[in-house]
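This report refers to the structure that appears directly beneath it.
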């Protein structure tokens, strides 16, 4: 089974394309060792994709020709879900970026909560991981990864969502998203830090009209809760 | 919020307990720095649990006294799910052990498939990870981690399950477990390797009466599929 590599690049999907992006050329030539004739899939980052083959590959640029018609990407979620997830240790936060993207979220907002230990993130790296995960999972676009926000700022941001779910340890795996997942609807998912939400945070989430939700009788640690909530919401 | 540490140890939950296990004593004294008076939760690995406090802590042993009554653990799944997952790179396989345990699986069988690259596992390490995840997620027992099996042997093992799901990339997120999750029912989940199942494997799974299932329109890589399937099945 030959794997077809996919790339999300913001370009119109013409019948012939010239690629000059140095980083991409480097990856294609040196890491993936593409040769003339290689078939790849390109997405325009706006929901369209097409197959191309390489007709020439030089240090100065790559020339591609489209094979067949432009298609509509089928893997984007009909829901616009934003994951507001407490910042975790570097490797776990990177895991969340990768997996939540695979699971279909449209936006990720790292949260600095009252009990968040680590507060800074490497945004460029997180965006790269999310973009790669989007490409590999067959998505048409990479999720939007935000700068970290305080819980207060995130609650304000979340006002644009039709429904926001505030995940809290509890029992009973409720059918949390039943009926909420309509075409184009905005959903917010709030996942706390290892030490849990503070009482003040829980109070302000309730005051903001959020729906308190649980992922069942077992305690899922932060990154697991983010991954599962992301899957269920999309 | 003070975290209460939980331990699954195979012992009867008497009113007073003596612990002499050297590894456990080492962890309690040196890693967790427990002192006299510390409250901990013990599970007997058979579905019961109780709170204890430390009344004496010496190199030779720890004496515990029970606080309150013995309780029934509430976090075990009513379903008996077995995850048959293709062996992955060490860190990813460890991730699956941890997350699938949090999500409630009862057994994990590492699979050596036609396209499995890595074929050996460190069973003791995997069992430790699963036990720790069971303790932290509030479960009453650790899942049973098997020696790796070939797909053929796993298909034979899976005959004892009431239903087996063979996960394959496809579109449409079907309500795969609807109606199947009855009290005590045995469910099998087959997750393939990075390169996918071989045609022969797919054919033999179908011949064995397995239900071909999909986790939706996005391609979930091996470890993600294992985590999501484990959550959905329990």
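For residue B:49, are the conditions met, namely being without any contact (Cβ under 8 Å) to a residue 40 or more places away in the chain, closer than 30 Å to residue B:108 by Cβ and touching a strand residue (DSSP E or B) at 6+ places or on another chain (Cβ under 9 Å)?
On the way: without any contact (Cβ under 8 Å) to a residue 40 or more places away in the chain: no; closer than 30 Å to residue B:108 by Cβ: yes; touching a strand residue (DSSP E or B) at 6+ places or on another chain (Cβ under 9 Å): yes.
In short, no.
Does residue A:221 qualify as being within 30 Å of residue A:9 (Cβ to Cβ) and within 10 Å of chain B (Cβ to nearest Cβ)?
Working: within 30 Å of residue A:9 (Cβ to Cβ): no; within 10 Å of chain B (Cβ to nearest Cβ): yes.
Taking the combined requirement at face value, the residue does not satisfy it.
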Hits in region A:71-92 - residues which are closer than 24 Å to residue A:128 by Cβ and without any contact (Cβ under 8 Å) to a residue 40 or more places away in the chain: A:89, A:90, A:91
statement: Going through region A:106-121 in order, the residues found to be within 11 Å of chain B (Cβ to nearest Cβ) and under 13 Å from the mean Cα position of the chain (by Cα) are none
query: Restricting attention to region B:22-45, does a residue exist that is within 18 Å of residue B:234 (Cβ to Cβ) and outside any strand (DSSP E or B)?
result: no
Residue count, region B:175-215 (criterion: within 14 Å of chain A (Cβ to nearest Cβ) and out of contact with any helix residue (DSSP H, G or I) (no Cβ under 8 Å at 6 or more places or on another chain)): 9
- line: Selection from region A:62-105 of residues more than 12 Å from chain B (Cβ to nearest Cβ) and on the phi > 0 side of the Ramachandran plot yields A:68
message: Could you go through region A:159-169 and let me know if any residue there is in a helix (DSSP H, G or I) and either within 13 Å of chain B (Cβ to nearest Cβ) or over 17 Å from the mean Cα position of the chain (by Cα) (or both).
response: yes
- request: Out of the residues in region A:220-234 that are in contact with a strand residue (DSSP E or B) (Cβ under 9 Å, 6 or more places away or on another chain) and part of a loop (DSSP other than H, G, I, E, B), state the one that is nearest to residue B:98 (Cα to Cα).
  value: A:220
- prompt: For region B:224-234, what are the residues that are in contact with a helix residue (DSSP H, G or I) (Cβ under 7 Å, 6 or more places away or on another chain) and more than 10 Å from every other protein chain (Cβ to nearest Cβ)?
  reply: B:226
Extreme residue, farthest from residue B:87 (Cα to Cα), among residues of region B:207-229 that are without any contact (Cβ under 8 Å) to a residue 12 or more places away in the chain and buried (at least 22 other Cβ atoms within 10 Å of the Cβ): B:218
- request: Go through region A:182-200 and count every residue that is under 22 Å from residue B:230 (Cα atoms) and at pLDDT below 90.
  value: 1
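Search region A:122-135 for residues being surrounded by fewer than 18 Cβ atoms within 10 Å (Cβ to Cβ) and touching a residue at least 12 places away in the same chain (Cβ under 8 Å), and hand back the single one that is farthest from the chain's Cα centre (by Cα).
A:122
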statement: In the set A:37, A:68, A:61, the lone residue that is touching a helix residue (DSSP H, G or I) at 6+ places or on another chain (Cβ under 8 Å) and without any contact (Cβ under 8 Å) to a residue 60 or more places away in the chain is A:61
- line: By residue number, the members of region B:170-206 that are surrounded by 14 or more Cβ atoms within 10 Å (Cβ to Cβ) and not in a loop (DSSP other than H, G, I, E, B) are B:186, B:187, B:188, B:189, B:190, B:191, B:201, B:202, B:204, B:205
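The values are calculated or read from the model by the stated rules, or taken from the named source; none is laboratory data. Because the structure is predicted, anything quoted here is derived from the model rather than measured. No Cβ is skipped: glycine too gets one built from the backbone with ideal geometry, and neighbour counts run over all protein chains shown.
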